[in-house]
Amino acid sequence: MKTTYALGSNTDKIVGIWQDVFLWAVPEVRVTEAFIKPWVDRDELEIDVNIINQSRQLKTILLGGDAREWINNAGKTILDAPEIKWTLGHTALTIDPVSVTLKPGETQKVTLQTKVGNRLKLWSPETPNLYMLSLKISDKKQTYDIKDIRFGWRQFKLSGTDFLLNGKKIQCVGDIQHPFGPYICSRRFAWAWLQMIKDFGGNSVRPHAQPWPRVYYDLADEMGIMVLDETGLFGSSINLNFEAPEAWEHYAEHLERLILRDRNHPSVIGWSVGNELFAIALLNKPSKEVAKKWDDKIVELADRVPAWDPTRGFITCDGDRDLDGRLPVWSKHFGHGLKLDLLPEKKDKPMIVGESGATYYGKPDQLYQFAGDKPYISYYGRNEALAVDVYQNVQKMAKPFLAYYSPSEVCWFGLEHLNLGYGDYSRLPDGQDGVFAGKVYEEGKPGYQFERIPPYVTTFNPGIDPSLPLYKPLPMFHALKAALADKPCEWDHYTELKIPKPAALPQPVHSEVFFIGDKTGALAGHLRKTGITFSKNKKSSVVIVDGENIGDDQLKQFAAVMKSAKKSGRTILIMTATKGIDSKILPLLPANIETTNRTATAFNPGERSEWGGYFTVPALYFSEIDSKEPILKQGLSGAFVDEGTIVFDASGVDWSLFNRAPENRKCAQVVLYEKLQKPSGVAMVTYPLGKSVIAVSSINYLVDTKETAAFWERLFSVMKIDLNKDNVQSGKSKKVQHDLLLDGPVDSK
């Protein structure tokens, strides 16, 4: 435990002042704070106004105002829609002024009330009607202050298990986002995210684990997106210090300032006092008494909310359930699969699932149940698994039971990362790629001004790169949209798929292998460890050759083997790992073969290979092994490969770039890797030569883990070599501790 302040979600470790800061000149007599309470159920608009007299004289003033229609004149195109453009319409209602006397230095709270009487149109996601309230402080001589506050005429309430907007049940479906980089401050990017939510049929958003720039809440008001507003108490960062008494004072002040800042936004439906605060106890492992004390402190924090905002009963600690029934809303985060059994048995209050799915952590074996081999083979295939999962969760959990549902980050995982200003896939992007503003930074100008936006930092393109769309939807987006609309789609059904058992191995035929190479070298040691017995018989039916290190005497042996190969009916395996094929061997082969600069962490089996047919795609996945070296450091190419039969080929995707990396990096790396032009990644190939078969492998046999050990044992068994089980060693492995941020939520009750 480290910090006593609300540290917020990840923003790429930005420090210092990185958003606009303003210094205002204010009058001595002024409005310091105003809270508009739209009591729709009793047809009353109530405004709490704090006023101050900082002059040295007694002041008797009049406080009143009027509400005028706020008309959004922004355009409809990507370029026009995010721009601020509005006018005020007719005066909808007038608030009669009241007289207030203020002593020098005195502050007073004044409550204004007026009946609405159908003079205000209701705010809702479908009709985001807005008004501007102008509060005026004046006397007979002068006007001291005018305070403009935008608001909406609407009311949110809880009723049993339902969430009500203007007296009618409404279900919220939205999105969350871990923010990365300063570009999140742009109104354009805020608009793009909220527009994407509307496009899939959503109506809500939770600005994740910190107070976001005001433009997000302003746009939510204007676009009709309901906001679950959340503090910067980010529990799953595992950095909050719950032991320090001053921490809870800071947390309360932080929560108060958030509510005071945002409570006039009609889009804000409620307050989340934190995100996954249970994680502090889960991973710091205090005593039960201490953990209970921390829970009590969280509840005390939530209990403070009505004092600052009595108009919203929607109060949660997102992901922490309802803290033994003490919070008015039950909230949980779920990983992949349908978790109906983890919903509370007693359903007597609104329930929300604020994060759902394996989007940010799911590895191919966890997603196999939804889409089979596809999550191993490509980023798109992984997304198809996410699509199947989100469809059934919307249809079978969200719609029947929940007041609020959000998949985990549609904006990062339901859309493809964009190659802004980059398209030469023969090379990696560099500092010259991306979109450049083309204009000098203007000091003193408010708002976001970018110098360069690199490729792949975002999934949104709000007019930044004219060659690209606003976003590129993936299957997860399409499935979510279809599920919310009760429409069929390609991913609308779920039948659990299980990783198949590999085919039965052939009976062993060859008891010994003739080895050509240094019998004290690394390859010889690897073969012995796998259970291979070496023979002194040069006419053995299986010959394995160290293709990287071959002496003159050994070269003569190999030449003799190749000379008789057409008639002898042998299996000849040439193995390399990292150095390429010894040039002395090449003239003896029936066709040219070369090594390429290609690495890989997984293979696909060759479609026409008998040997490859004994392997499933999951069995050829080495992206999570405990090794600093990849399973492939060089590929094979040339006529030998073209004329032969591919046994294993490098996977087109590298999941080691995704696993255990943050959202902004993992998706970008994998998408870019798939698109890059790569040299041949053939890892093993067979070539017929008369009655014999010559095989060449560039698989890195120096990698020693339990997964690679199992692979080699199976491969040699497929070659019908009888392995000495007494010598077989399983390789190295280590236990990895669960990480909430990288391995997903904990689903236990």
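The values are calculated or read from the model by the stated rules, or taken from the named source; none is laboratory data. None of these values were measured; they are calculated from a predicted model. Cβ atoms come from the backbone with ideal geometry, glycine included; neighbour counts cover every protein chain shown.
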Open item on the list: Quick check on the range 729-741. Is at least one of its residues buried (at least 20 other Cβ atoms within 10 Å of the Cβ), outside the structural domain of P618 (by TED's automatic domain parsing) and either assigned to a loop (DSSP other than H, G, I, E, B) or in contact with a strand residue (DSSP E or B) (Cβ under 6 Å, 6 or more places away or on another chain) (or both)?
Closed with: yes
TODO: Name the single residue, out of those in the range 708-728 being outside any strand (DSSP E or B), modelled with pLDDT of 75 or more and of a type in the set (A, V, I, L, M), that is surrounded by the fewest Cβ atoms within 10 Å (Cβ to Cβ).
DONE: A710
Task: Residue within the range 299-318 that is charged (D, E, K, R) and either at positive phi or assigned to a strand (DSSP E or B) (or both) present - done: yes
Open item on the list: Restricting to the range 372-383, give me the number of residues that are surrounded by fewer than 24 Cβ atoms within 10 Å (Cβ to Cβ) and assigned to a helix (DSSP H, G or I).
Closed with: 5
Open item on the list: Any residue that is of a type outside the set (A, V, I, L, M, F, W, C) and either on the phi > 0 side of the Ramachandran plot or not assigned by TED's automatic domain parsing to the domain that holds P207 (or both) - is there at least one of those in the range 343-361?
Closed with: yes
Open item on the list: Exactly one condition in (1) under 38 Å from the mean Cα position of the chain (by Cα); (2) within 30 Å of G690 (Cα to Cα) is false for N597; which is it?
Closed with: (2)
TODO: Being in a loop (DSSP other than H, G, I, E, B) and in contact with a helix residue (DSSP H, G or I) (Cβ under 7 Å, 6 or more places away or on another chain) is the filter; apply it to the range 141-159 and report the residue that is farthest from F314 (Cα to Cα).
DONE: G152
TODO: Examine the range 162-171 for a residue that is on the phi < 0 side of the Ramachandran plot, of a type in the set (K, R) and over 36 Å from the mean Cα position of the chain (by Cα), and state whether such a residue exists.
DONE: no
Open item on the list: Suppose we filter A81, A6 for residues that are at pLDDT below 95, crowded, with 16+ Cβ neighbours inside 10 Å, hydrophobic (A, V, I, L, M, F, W, C) and within 28 Å of the chain's Cα centre (by Cα); which single one remains?
Closed with: A6
- [ ] Return yes or no: is G181 outside the structural domain of D96 (by TED's automatic domain parsing) and either under 38 Å from the mean Cα position of the chain (by Cα) or surrounded by fewer than 17 Cβ atoms within 10 Å (Cβ to Cβ) (or both)?
- [x] yes
TODO: Kindly check whether there is at least one residue in the range 430-447 that is modelled with pLDDT of 95 or more and within 30 Å of G357 (Cα to Cα).
DONE: no
Open item on the list: Condition (residue is of a type in the set (K, R) and assigned to a helix (DSSP H, G or I)) applied to the range 212-219: is it met by at least one residue?
Closed with: yes
Open item on the list: Considering only residues that are part of a loop (DSSP other than H, G, I, E, B) and in contact (Cβ under 8 Å) with a residue 24 or more places away in the chain, which ones fall in the range 322-340?
Closed with: D322, L323, D324, R326, L327, P328, V329, G335, H336, G337, L338, K339
Open item on the list: Residue under question is I61, and the condition is that it be among the β-branched types (V, I, T) and either modelled with pLDDT under 95 or farther than 20 Å from E222 by Cβ (or both); does it hold?
Closed with: yes
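Report yes if L228 is in a strand (DSSP E or B), within 19 Å of the chain's Cα centre (by Cα) and within 28 Å of T458 (Cβ to Cβ), otherwise no.
Numbers: in a strand (DSSP E or B): yes; within 19 Å of the chain's Cα centre (by Cα): yes; within 28 Å of T458 (Cβ to Cβ): yes.
Judged against the criteria, L228 is a match.
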Task: Subset of the range 196-211 [crowded, with 19+ Cβ neighbours inside 10 Å and not in a helix (DSSP H, G or I)] - done: F200, G202, N203, S204, V205, R206, P207, H208, A209, Q210, P211
Open item on the list: The conditions are (1) in contact with a Ser or Thr (Cβ under 6 Å, 6 or more places away or on another chain); (2) surrounded by fewer than 16 Cβ atoms within 10 Å (Cβ to Cβ); (3) of a type outside the set (S, T, Y), and E512 fails exactly one of them. Which is it?
Closed with: (2)
Open item on the list: I'm trying to understand the selection: among the residues of the range 32-42, which are of a type outside the set (K, R), surrounded by fewer than 15 Cβ atoms within 10 Å (Cβ to Cβ) and not in a strand (DSSP E or B)?
Closed with: D41
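Evaluate the following for S138: is it surrounded by 16 or more Cβ atoms within 10 Å (Cβ to Cβ), in the same structural domain as I36 (by TED's automatic domain parsing), among the small types (G, A, S) and over 47 Å from the mean Cα position of the chain (by Cα)? Can you show your working first?
Details: surrounded by 16 or more Cβ atoms within 10 Å (Cβ to Cβ): yes; in the same structural domain as I36 (by TED's automatic domain parsing): yes; among the small types (G, A, S): yes; over 47 Å from the mean Cα position of the chain (by Cα): yes.
Yes.
Return the residue satisfying two criteria in turn: it lies in the range 460-489 and is aromatic (F, W, Y) and assigned to a loop (DSSP other than H, G, I, E, B), and of such residues it is surrounded by the fewest Cβ atoms within 10 Å (Cβ to Cβ). Write out each step before concluding.
Quick first cut of the range 460-489, residues aromatic (F, W, Y) only: 460, 471, 477.
In the following step, the residues that additionally are assigned to a loop (DSSP other than H, G, I, E, B) were identified as 460, 471.
Working: F460: 25, Y471: 23.
Top of the filtered list is Y471.
Restricting attention to the range 59-78, which residues are under 33 Å from the mean Cα position of the chain (by Cα) and among the hydrophobic types (A, V, I, L, M, F, W, C)?
A74, I78
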TODO: Select from the range 100-143 the residues that are aromatic (F, W, Y) and touching an Asp or Glu at 6+ places or on another chain (Cβ under 7 Å) and list them in ascending order.
DONE: Y131
- [ ] Return a yes/no flag: does the range 646-660 have any residue that is closer than 30 Å to L555 by Cβ and in contact with a Phe, Trp or Tyr (Cβ under 6 Å, 6 or more places away or on another chain).
- [x] yes
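Looking at N118, N73, can you tell me which residue is loosely packed, with under 12 Cβ neighbours inside 10 Å, among the polar types (S, T, N, Q) and over 26 Å from I197 (Cα atoms)? Let's see the steps before the verdict.
Numbers: N73 fails: over 26 Å from I197 (Cα atoms).
None of the other options fit; the residue is N118.
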TODO: For the range 360-371, name all the residues that are acidic (D, E) and crowded, with 23+ Cβ neighbours inside 10 Å.
DONE: none
TODO: Test each condition in (1) in contact (Cβ under 8 Å) with a residue 60 or more places away in the chain; (2) under 20 Å from D145 (Cβ atoms); (3) of a type in the set (A, V, I, L, M) for L45 and report the one that comes out false.
DONE: (2)
